[in-house]
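Undergrad: This is the structure, below, for whatever I ask next.
Each reported figure results from applying straightforward, stated rules to the coordinates on display, with no laboratory input. What you see is a predicted model; the values in this text were computed from it and never measured. Note: ideal-geometry Cβ built from the backbone for every residue, glycine included; neighbour counts use all protein chains shown.
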Amino acid sequence: MVKLLGGEISVRSEVGVGTCFTINFQFKYSDKKIKDEKTEKSLDSDFANKYPLKILVADDNLINREVANGVFKKLGFQIKLVENGIEVLETIKFEYYDLILMDLHMPEMDGFEATKEIIALLGANRPKIIAFTADLIDTSKDIVFETGFDDLMFKPLKLEELESKLVSIYKQKKN
């Protein structure tokens, strides 16, 4: 989130004393509305009409869910949000989704286990599943793809990358 807003974060820690996180942002103030043409172009509210997809987002972090919901809403999508892999499995029992954007590390059932279960349940008729994670320090990319994920995206969400993946999934769905 800090990087997404153009800020910096640093950590200072001392054993037995505590940890201090410092977050710096630089804001510019203007009486005039500042327009970022690149952002306005990326947030095409008609995007969902051009590339209609049914999307499920699984993330245990409330802020991550709200950011994802906001971005998808600005693109014209109404998405389903859940907090863990168990909720993913319950949700897909009743509705089909074209895409599941899945956090890897969630309580109760993580993204790895949920993806294995989806593949076992739905086989080739399953939704596309994109791993969505802040880092892969503890996990290699190979494990992500060996598990059965179709793709991988890193947090924070990059609009151009997201749009590209959505277009690709839509085109695969049509064929």
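Undergrad: May I ask you to list the residues in the stretch 44-88 that are of a type in the set (Val, Ile, Thr), in a helix (DSSP H, G or I) and closer than 18 Å to Ile130 by Cβ?
TA: Within the stretch 44-88, the first condition is being of a type in the set (Val, Ile, Thr), and the residues that meet it are 55, 57, 63, 67, 71, 79, 82, 86, 88.
Keeping just the survivors that are in a helix (DSSP H, G or I) gives 63, 67, 71, 86, 88.
If the condition is that a residue be of a type in the set (Val, Ile, Thr), in a helix (DSSP H, G or I) and closer than 18 Å to Ile130 by Cβ, then Val67, Val71, Val88 are the ones that fit.
Undergrad: Being under 20 Å from Val82 (Cβ atoms) and either touching a Lys or Arg at 6+ places or on another chain (Cβ under 6 Å) or of a type in the set (S, T, N, Q) (or both) is the filter here; which residues of the stretch 126-150 pass it? Show your work before the answer.
TA: Let us first name the residues in the stretch 126-150 that are under 20 Å from Val82 (Cβ atoms), namely 126-134, 144, 147-150.
Selection gives Thr133, Ala134, Thr147, Asp150.
Undergrad: With the structure loaded, tell me whether Leu75 is farther than 21 Å from Arg126 by Cα, surrounded by fewer than 16 Cβ atoms within 10 Å (Cβ to Cβ) and either touching a strand residue (DSSP E or B) at 6+ places or on another chain (Cβ under 9 Å) or among the aliphatic types (A, V, I, L, M) (or both) or whether it fails that test.
TA: Values: farther than 21 Å from Arg126 by Cα: yes; surrounded by fewer than 16 Cβ atoms within 10 Å (Cβ to Cβ): no; either touching a strand residue (DSSP E or B) at 6+ places or on another chain (Cβ under 9 Å) or among the aliphatic types (A, V, I, L, M) (or both): yes.
Spelling it out, it is not the case that Leu75 is farther than 21 Å from Arg126 by Cα, surrounded by fewer than 16 Cβ atoms within 10 Å (Cβ to Cβ) and either touching a strand residue (DSSP E or B) at 6+ places or on another chain (Cβ under 9 Å) or among the aliphatic types (A, V, I, L, M) (or both).
Undergrad: Which ones in the stretch 94-123 are among the acidic types (Asp, Glu) and closer than 20 Å to Ile169 by Cβ? Break it down into steps so the answer makes sense when it comes.
TA: Filtering the stretch 94-123 for residues among the acidic types (Asp, Glu) gives 95, 98, 103, 108, 110, 113, 117.
Those that are among the acidic types (Asp, Glu) and closer than 20 Å to Ile169 by Cβ: Glu95, Asp98, Asp103.
Undergrad: Among the candidates Leu166, Leu157, which residue alone is under 29 Å from Asp44 (Cβ atoms) and buried (at least 19 other Cβ atoms within 10 Å of the Cβ)? Break it down stepwise before answering.
TA: On the way: Leu157 fails: buried (at least 19 other Cβ atoms within 10 Å of the Cβ).
The unique qualifying residue is Leu166.
Undergrad: Give the number of residues within the stretch 89-109 that are touching a strand residue (DSSP E or B) at 6+ places or on another chain (Cβ under 8 Å) and under 24 Å from Asp135 (Cβ atoms).
TA: 8
Undergrad: Determine whether Ile92 is crowded, with 18+ Cβ neighbours inside 10 Å and either part of a helix (DSSP H, G or I) or touching a Cys at 6+ places or on another chain (Cβ under 8 Å) (or both). Explain how you work it out, then say what you get.
TA: Numbers: crowded, with 18+ Cβ neighbours inside 10 Å: yes; either part of a helix (DSSP H, G or I) or touching a Cys at 6+ places or on another chain (Cβ under 8 Å) (or both): yes.
Yes, satisfied.
Undergrad: Please work out which residue is nearest to Lys116 (Cα to Cα), limiting yourself to the stretch 58-100 and to residues that are touching a residue at least 60 places away in the same chain (Cβ under 8 Å) and of a type outside the set (Asp, Glu). Steps first, please.
TA: Filtering the stretch 58-100 down to residues touching a residue at least 60 places away in the same chain (Cβ under 8 Å) leaves 59, 63-64, 67-68, 71, 75, 98-99.
In the following step, the residues that additionally are of a type outside the set (Asp, Glu) were identified as 63-64, 67-68, 71, 75, 99.
Values: Ile63: 26, Asn64: 23, Val67: 26, Ala68: 23, Val71: 28, Leu75: 30, Leu99: 15 Å.
Result: Leu99.
Undergrad: Follow-up question, since we're still on this one. How many residues does the stretch 135-165 hold that are more than 20 Å from Ile55 (Cα to Cα) and in a loop (DSSP other than H, G, I, E, B)?
TA: 6
Undergrad: Still on this model: If you check Ile143 against the conditions, is it surrounded by 12 or more Cβ atoms within 10 Å (Cβ to Cβ), under 26 Å from Met1 (Cα atoms), without any contact (Cβ under 8 Å) to a residue 40 or more places away in the chain and among the aliphatic types (A, V, I, L, M)? First the steps, then the outcome.
TA: On the way: surrounded by 12 or more Cβ atoms within 10 Å (Cβ to Cβ): yes; under 26 Å from Met1 (Cα atoms): yes; without any contact (Cβ under 8 Å) to a residue 40 or more places away in the chain: yes; among the aliphatic types (A, V, I, L, M): yes.
Yes.
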